[in-house]
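Read through the structure below, which is laid out as structure tokens, and then see the notes.
The values are calculated or read from the model by the stated rules, or taken from the named source; none is laboratory data. As the structure is a computational prediction, the values presented were derived from the model and not from experiment. Cβ atoms come from the backbone with ideal geometry, glycine included; neighbour counts cover every protein chain shown. Just so you know, the surface numbers come from the protein's heavy atoms only, side chains and all, with ligands and any DNA or RNA stripped out. Shrake-Rupley method; radii C 1.70, N 1.55, O 1.52, S 1.80 Å.
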Amino acid sequence: MPVALAPAVIYDVDKEKNMHKEDKEVGVDAALIALLALLWQARQEAPGKPWSLAKLAKRAGVQMSTLLRQLNALSSAGLVTVATAENGGGSALLSAAGAELCASMFAPPPAE
């Protein structure tokens, strides 16, 4: 008779609690959505003008390596355009597809 395996439990040191792997993956998605929201805010403040990676990292409250990993995922999905410089600087802005997605996600509800 086959034995059913229990879901893998990952210990989250930061929150000091046990989480199922699926719950941890939801956090990654939330981080990407939060980054999209920041880039949407940037677009609203200055359409067509990218934000520096340093500004994005500071506003997102993440380390640069984390920001670059998240931007890479969004760039691979065609939602963000990232420009990096050899000196470590760079900038990012929403692509047309990213702007369209954000408009549908973050637009205020229609007035009744």
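Below is a table of values for the structure above.
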item	result
Region 63-94, subset within 21 Å of ALA30 (Cβ to Cβ), free of Cβ contacts under 8 Å to residues at least 24 places away in the same chain and part of a loop (DSSP other than H, G, I, E, B), residue most open to solvent (accessible area, probe 1.4 Å)	GLN63
Considering residues of region 43-60 that are closer than 25 Å to ALA107 by Cβ and free of Cβ contacts under 8 Å to residues at least 12 places away in the same chain only, the residue surrounded by the most Cβ atoms within 10 Å (Cβ to Cβ)	LYS55
